[in-house]
Amino acid sequence: MHEQTDTIPTDEDLREVLAVFKTMSDATRLRIILTIAEGPITVTELAERLDLGQSTVSHQLRLLKQERLVLGDRDGKQIFYRLVDDHVLAIYHLTLAHIQERRQH
């Protein structure tokens, strides 16, 4: 039997990691993340660019905000959404690199 070391995450830490993966595993949410990565954008602009209803985009943004993947910055009456930090996009790029590498073998 193996002893648990400090390098093995706690169950709580693992739950948090899995929650982020689960949130990012939805195609619509990932498309929203990739679009937001291009620069701050409103719900209306996201809906138009992704050909989705505003209520759908708002619902998905709420889930992304709950996992602290995106933030909304108010400018007058509009809210511009942006990624919390570069780690969000890095998760996508690392996963994509892994898939492309796997395809080569």
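The values are calculated or read from the model by the stated rules, or taken from the named source; none is laboratory data. Source: prediction; values computed, not measured. Cβ sites come from the backbone with ideal geometry, for glycine too, and all protein chains shown count toward neighbours.
Yes or no, residue by residue, for (1) under 26 Å from ARG15 (Cβ atoms); (2) touching a residue at least 24 places away in the same chain (Cβ under 8 Å):
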| position | (1), (2) |
| --- | --- |
| PRO40 | no, yes |
| ARG49 | no, no |
| LEU52 | no, yes |
| SER55 | no, no |
| LEU61 | yes, yes |
| ARG68 | yes, no |
| ASP75 | no, no |
| ILE79 | no, yes |
| HIS93 | yes, no |
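The set of residues from segment 4-37 being aliphatic (A, V, I, L, M) and not in a loop (DSSP other than H, G, I, E, B) comprises LEU14, VAL17, LEU18, ALA19, VAL20, MET24, ALA27, LEU30, ILE32, ILE33, LEU34, ILE36. Restricting attention to segment 57-105 and to residues that are among the acidic types (Asp, Glu) and more than 15 Å from ARG29 (Cβ to Cβ), the residue that is modelled with the lowest pLDDT turns out to be GLU101.
Looking across segment 40-56, just one residue is in a helix (DSSP H, G or I), small (Gly, Ala, Ser) and under 16 Å from ALA27 (Cα atoms), and that is ALA47. The criterion of being touching a Phe, Trp or Tyr at 6+ places or on another chain (Cβ under 9 Å) and not small (Gly, Ala, Ser) holds for ILE41.
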